[in-house]
Amino acid sequence: MSRCCAVALQLVLLFLTGCGEPDQTETWIALRYRAADQSPALHFVRIISGIDKQHWFNLAPGRVVYARLSAGSNADTRVILFQQPARDSETRTWRGPAWRNDKSHRIALDLYPDGRVEARFCELPCSLD
């Protein structure tokens with residue numbers, strides 16, 4: 001095989017396997033706003049795990065949103081959630097448990113209008129259904 005073909009094959013394999021770190025763990029998150037239908041939307045929600053983050057504006061009651069966060073191999077994998085009920089209201093913070101950073105996890109978060117957060121989690125492979 002010529003050198004050119006070998007390099008091209010390596011590039012294709014790199015593309016097919018992804019460019020991320022092979023030992024990088026992920027946290028799969030399902031977040032639900034558990035408020036009555038006539039309640040106002042949750043103004044702002046942000047979740048962070050290590051170097052990765054996701055946010056949503058105007059999360060409607062009953063709505064479920066999903067995220068997959070990659071904390072990074074040397075990062076703290078703890079999930080941190082910030083929620084702001086209304087534009088000018090105080091931001092509430094919830095900190096999840098510290099995980100092993102060599103395992104991926106699944107977490108289901110239920111947010112309530114009073115600021116309470118209920119969490120269920122497990123180490124992958126697993127299901128929270």
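The values are calculated or read from the model by the stated rules, or taken from the named source; none is laboratory data. Given the structure is predicted, the values throughout are model-derived calculations rather than measurements. Neighbour counts are summed over all protein chains in view; Cβ atoms, including those assigned to glycine, are modelled from backbone coordinates with ideal geometry.
For segment 79-95, the set of residues classified as touching a Phe, Trp or Tyr at 6+ places or on another chain (Cβ under 7 Å) and part of a loop (DSSP other than H, G, I, E, B) consists of THR91 only.
Collect the residues in segment 55-72 that are more than 18 Å from HIS43 (Cα to Cα), of a type in the set (Gly, Ala, Ser) and surrounded by fewer than 15 Cβ atoms within 10 Å (Cβ to Cβ), keeping them in residue-number order. Residues satisfying the conditions do not exist here. Among the residues that make up segment 1-16, is at least one of them farther than 27 Å from PRO125 by Cα, of a type in the set (Ser, Thr, Tyr) and modelled with pLDDT under 90? Yes, there is a match, as at least one residue in segment 1-16 is farther than 27 Å from PRO125 by Cα, of a type in the set (Ser, Thr, Tyr) and modelled with pLDDT under 90. Just one of the listed residues (LEU124, LEU128, LEU111) is more than 12 Å from ALA30 (Cα to Cα) and in contact (Cβ under 8 Å) with a residue 12 or more places away in the chain, namely LEU124. Sort out which residues of segment 32-67 are in contact with a Gly (Cβ under 8 Å, 6 or more places away or on another chain) and outside any strand (DSSP E or B), and write them in order of number. Once the filter is applied, which keeps residues that are in contact with a Gly (Cβ under 8 Å, 6 or more places away or on another chain) and outside any strand (DSSP E or B), segment 32-67 yields ARG34, ALA35, ASP37, GLY50, ILE51. Evaluation of ALA98 against the conditions (1) among the small types (Gly, Ala, Ser); (2) out of contact with any strand residue (DSSP E or B) (no Cβ under 9 Å at 6 or more places or on another chain); (3) at positive phi shows that the sole unmet condition is (3). Within the span defined as segment 113-124, every residue fails to be of a type in the set (Lys, Arg), assigned to a strand (DSSP E or B) and surrounded by 12 or more Cβ atoms within 10 Å (Cβ to Cβ).
Every test in (1) crowded, with 17+ Cβ neighbours inside 10 Å; (2) under 16 Å from the mean Cα position of the chain (by Cα) is passed by ARG95 save one, and that test is (1).
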